[in-house]
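The structure appears below as structure tokens.
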Amino acid sequence: MTVYTPEEIEYLDRQALEALQLLRLKRVITQALATPFYKERLGGVGIKHPEDLKSLDDLKKIPFTTKDDLRDTYPYGLLAVDKKEVVRMHASSGTTGKPTVIYYGRDDLDRWTGLTYRSLKACGCDSEDVFQNMMTYGLFTGGLGLHYGAEELGMFVIPSSGGNTRRQFMLMKDFETTVVHATPSYMLHLYSQMENMGIELSDLKLEKALIGAEPHSEDLRRKIETLFGIDAYNSYGLSEMNGPSVAFECVEKSGMHLWEDAYCIEILDRDSMEPLEDGEIGELVLTNLIRHASPILRYRTKDLTRIIPGSCACGRTSRRIDRITGRTDDMLIINGVNVFPSQIEEVVMKVPEAGNNYRIVVRKKGTLDVLIVELEIGPEILSDDTRDLYALKGRLVDALKASISIKPVVELHEPGQLPVQEGKAIRVVDERGNLY
Ligand code: DLL
């Protein structure tokens, strides 16, 4: 078996890359077969042993895995190793109730660190850089994900986590931060607060921003670059596939290299789920080739993108995906946090005072997103003491915050005040525009 250095792996020719993919896929199939869920699924298509997979093409026989599968097997149904081998978990929102959980063994984390190290290097970071990681540390993969790759690269890491803009500026100024990692919306928020907080661009030594976790357009990237006078690089990932560093832009900024030694890419027609040609936009389906504690095969990301035809001027051979142009489901990303309308509905429906109609509105307030939950309430409570209304609002805000991790604005309305559609109810009004 050939062992490649991390540098060699980025420049493998197609044949060597595919041979490596097949080898890694078989290893992951071994892990998958250790879970009752995949044992049944794979058995159903005649895969009872990793050697039943003769070529990469056989991957197409395997049924897709969805977020619902992860939710239905919560908490341990997809764990393929003994619990004592797990060293960390991360989680992201499920469509309702329970989150989807991913487990990592020691080696899984090392392999993921290899990808984040490589991504940081590809966009020109090195050990001279001071890296302020403004993504939230916690169950979300954004914070801890890039952290270890940055340390591996020898960067001076400031794990500042999300929020607290005044402190972010203080750290940036005092420690001469050169690279930040943040959502694009937080970058705009930072800029909007500079004057207010007495910070001038010349106080900062910023050179790069690594932006991701939420959709943004090329125009928005340019805006961030122009406002701060820096380079901004797009970074794509999802917790089911480890987190950040599934795909990352290199210094060429011409699409994101999807690290193919670690992930098998398929771009499928969103209706027929048949494979599309390079250049055509469809749903991205990914198979993780490097995680053994939580194997996930043919995961439907619901993200729409295309493979950029041709090769990159940087010489790396992993194919590139274009920025995400939309999703095939209704998941909202609000200041980088994933929210499903069904999670909100679940909370609202549990409130006995709720009337028949509700709406979810997302709009910009300054540079950040705000989530507004508008709810009609029964006539009884309206005629009661206004203190009851305040209490109800407070209860709703708390229950929603507990479920979706962000604090919404709750607006209560009299019955019949919210618009009613003749056909299918329009529950979600996203007024942000120009996201993609
Ligand atoms: O957002 C992981 C991440 C952290 C990526 C930090 C980049 C930087 P999840 O919370 O599981 O994981 O959300 C994954 O976010 O399916 C996309 O819909 C969206 N998303 C992530 N990166 C981008 C991006 C992290 N660069 C979901 N452009 C994905 C557009 C993105 N959408």
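For residues in region 141-170 being touching a Ser or Thr at 6+ places or on another chain (Cβ under 7 Å) and part of a loop (DSSP other than H, G, I, E, B), which is surrounded by the fewest Cβ atoms within 10 Å (Cβ to Cβ)?
Only one residue tops the list, namely Gly154.
Is it true that some residue in region 416-436 is within 24 Å of Thr95 (Cα to Cα) and among the aromatic types (Phe, Trp, Tyr)?
Checked region 416-436: at least one residue is within 24 Å of Thr95 (Cα to Cα) and among the aromatic types (Phe, Trp, Tyr).
For Gly279, all conditions in the list (1) within 16 Å of the ligand (Cβ to nearest atom); (2) over 15 Å from the mean Cα position of the chain (by Cα); (3) modelled with pLDDT of 95 or more hold save one; what is the number of the exception?
(1)
Looking at the structure I just gave you, is Arg291 outside any strand (DSSP E or B), within 29 Å of Tyr137 (Cβ to Cβ), within 13 Å of the ligand (Cβ to nearest atom) and over 13 Å from the mean Cα position of the chain (by Cα)?
It is false that Arg291 is outside any strand (DSSP E or B), within 29 Å of Tyr137 (Cβ to Cβ), within 13 Å of the ligand (Cβ to nearest atom) and over 13 Å from the mean Cα position of the chain (by Cα).
When the residues of region 387-414 are narrowed to those that are more than 18 Å from Gln343 (Cα to Cα) and open to solvent by 70 Å² or more (accessible area, probe 1.4 Å), which ends up farthest from the ligand (Cβ to nearest atom)?
Taking the candidates together, the pick is Arg387.
Residues in region 222-249 that are farther than 17 Å from Glu260 by Cα, touching a residue at least 24 places away in the same chain (Cβ under 8 Å) and more than 8 Å from the ligand (Cβ to nearest atom): how many?
Count: 9.
Looking only at region 259-292, count every residue that is crowded, with 22+ Cβ neighbours inside 10 Å and on the phi > 0 side of the Ramachandran plot and tell me the total.
Residues that pass the stated criteria total 0.
Look through Lys84, Lys121, Lys39 and report the one residue that is under 30 Å from Glu207 (Cβ atoms) and assigned to a helix (DSSP H, G or I).
Being under 30 Å from Glu207 (Cβ atoms) and assigned to a helix (DSSP H, G or I) holds for just one of Lys84, Lys121, Lys39, which is Lys121.
Can you name every residue in region 384-411 that is modelled with pLDDT under 95 and not in a helix (DSSP H, G or I)?
Matches in region 384-411: Asp384, Asp385, Ser405, Ile406.
Restricting the search to region 316-346, which residues are in a loop (DSSP other than H, G, I, E, B), farther than 18 Å from Pro408 by Cα and open to solvent by less than 40 Å² (accessible area, probe 1.4 Å)?
Passing the criteria: Arg316, Ser318, Arg323, Ile324.
Just for region 368-386: of the residues that are under 25 Å from the mean Cα position of the chain (by Cα) and open to solvent by 30 Å² or more (accessible area, probe 1.4 Å), which one is nearest to His216 (Cα to Cα)?
Leu368
The values are calculated or read from the model by the stated rules, or taken from the named source; none is laboratory data. Here the structure is a predicted model, which means the values were calculated and not measured. Because the Cβ atoms are built from the backbone with ideal geometry, glycine has one as well, and the counts that use them run over all protein chains shown. Surface accessibility is based on the protein's heavy atoms, side chains included, excluding ligands, DNA and RNA. Shrake-Rupley method; radii C 1.70, N 1.55, O 1.52, S 1.80 Å.
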